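The structure under discussion appears below in the form of structure tokens.
Nothing in this text is a laboratory measurement; each read-out follows from the coordinates by a stated rule. Since this is a predicted model, take the numbers as computed values, not measurements. So basically every Cβ, Gly included, is an ideal-geometry build from the backbone, and we count neighbours across all protein chains shown.
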Amino acid sequence: MRIGALGPDLPIWGLLAWVLLTGGAVPAGADGGYASLEGHGGPVKGVAVSADGNYALTASFDYSVGFWDLRSATLIRWLEGHEAAANAVAFLPDGRRAVSAGDDFDLILWELATGRALRRFEGHRGKLIAVTVSPDGRLAATSGWDGVVGLWPLDRPLGEPAPPLWLKGHRANVNDARFSADGRDLYTASYDGTIRRWDVATGAMEEIVVEHGFGVNHLVLNEEQGWLAYGAVDGAVRAIELATGAELADLTTERRPILALAASPDGQFLAVGDGEGYITIIDTDEWVITRDFRAAVRGPIWALHYDHDGGRLLAGGLADEVALWPVGGGRDALFAEGRRRFHTPAEEMPNGERQFVRKCSICHTLEPARKPGGARRAGPTLHGLFGRRAGSVPGYRYSEALTGSPVVWEAETINLLFEKGPDHFTPGSKMPMQQIARLADRQDLIAYLREHTGPRTELRSGAQAAGGTE
Ligand code: HEC
């Protein structure tokens, strides 16, 4: 497989001109070309593809895991069970089960045919940011921000305890882990700047493989070719020879941090996603960059995974959708279609809209709750916000702080919410602590909300509230 002609030295304006000339001519297609997985209500932090290439899994900030038919780019079902953002997903080798891990500190084992959570593994004391399954499918390794790695047995009969083996030794958050092909070793990357190798049978640390100094976010292992590659918070992308630890290549660019790494199934290509929204593709035969493109209008690339034949690259970031970039040979027109969608230059937005897009839209829509896309966010829809009693959107699971609150949402109460912060204005609320310091920003935001949240909600008599109406 060879990648198309787009070299790294083609200047960005040339690229744009080329996109303008060719973009949009080719429809998104089910032919393995450009398409996307749509339906999540928040950023996507993790992606995985089944061994046969037919299915994909996505983990999102909206707390849910998506199970997709990759051939048609359609959703099969949502897997609901995490109580906070879902960060990572992996298929088991049988293709019938999967695991996911999240900000709720838990690992969940799923039965994909039914969407049932077969088992919830608890014990970590920090967020789980990565999960990987051993080649024989019997173990899952979780990377925890509590500084430990959990090795969880996936094959215990339900009802029997399944205690983990803890790998302890990293001095900070663990960010990633990979099993060796024989399943005997586990390599782990940590914010403490090291990559370590552990004996899976005993849990003993065997070796510090890399001492990078800056936090290491991701690693990829290619034992057949004898190398390990990693990406770090300082933007470093390096490969070392496994046998000697000697540096093979340094493909660091000026962009940082590195937030995603994926190897093509044949091991030849390495895709790198960074904090500035670019994807870089490296040919590991020669250790040269063969493609480097901006893959998101705004925000980072958090999740990358090749499909089974390396023809497409699944990319997740701040957008609600997962892009399927056609990176295999001969698909440049489709590639341009993707660029057109994901790289429309950001127009100057008025301040109120910018406040909403930057600070609220990750968790709230403005659509009526029953509309598709109106429901799948961490927070309730803000449609009909003005005149609405706090905690009253049907079907949304509020905290008691809001269901029991006398507050009615008006310009004044929304202003107070962000002047004081939800923790002070509605103590106990599960909306994260945040304040908007400048009065002008709050006013612009409120004016934007008034214009875009639809008609006022009229309080029925008796529901008249004590808390500030205008
Ligand atoms: C990280 C997620 C997140 C962000 C960002 C966020 N919210 Fe929220 N918001 C929530 C959650 C969760 C709730 C429900 C709180 C509860 O039940 O205690 C909520 C509740 C609210 C409510 C009360 C709604 C009701 O029906 O009573 C308002 C109003 C609100 N948010 C406005 C905003 C605005 C405006 C912004 C941007 C400045 C914002 N939120 C940013 C998560 C978020």
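Compactness of the stretch 78-222, taken as the C-alpha radius of gyration over 2.2 N^0.38 Å, stands at 0.98.
Kindly rank 217-230, 60-73 from highest to lowest mean number of other beta carbons found within 10 Å of each residue.
Working: 217-230: 19.1, 60-73: 21.5.
The peptides rank, most packed first, as 60-73, 217-230.
Take 141-148, 273-280, 89-96 and order them by the average number of nearby Cβ atoms within 10 Å per residue, most first; the result is 141-148, 273-280, 89-96. Can you work out D for the stretch 100-142 in µm² s⁻¹ from Stokes-Einstein, where Rh is the Kirkwood radius over C-alpha pairs, the temperature is 25 °C and the viscosity is 0.890 mPa s? Using the Kirkwood radius from Cα pairs, D works out to 224 µm²/s.
Using packing as a proxy for protection, rank 199-209, 38-48, 315-325, 169-179 so that the peptide with the highest average count of other Cβ atoms within 10 Å comes first.
On the way: 199-209: 13.7, 38-48: 22.7, 315-325: 24.5, 169-179: 21.0.
By packing density, highest mean first, the sequence is 315-325, 38-48, 169-179, 199-209.
Expressed as a fraction of 2.2 N^0.38 Å, the value expected for a compact globular protein of N residues, the C-alpha radius of gyration of the stretch 14-342 is 0.94. Measuring against 19 Å, Cα to Cα, the residue pairs Lys359/Lys430; Lys45/Lys420; Lys359/Lys420; Lys127/Lys359; Lys127/Lys430 contain Lys45/Lys420; Lys127/Lys359 as the ones spanning a longer distance. Between the C-alpha center of the stretch 139-164 and that of the stretch 253-268 there is a gap of 27 Å.
Put the Cα centre of the stretch 51-123 next to the Cα centre of the stretch 436-455 and the gap is 37 Å. Here Thr114, Thr194, Thr381 are placed in order of increasing Cβ neighbour count within 10 Å, fewest first, which gives Thr114, Thr194, Thr381. Dividing the Cα radius of gyration of the stretch 351-452 by its Kirkwood radius returns 0.92 for Rg/Rh.
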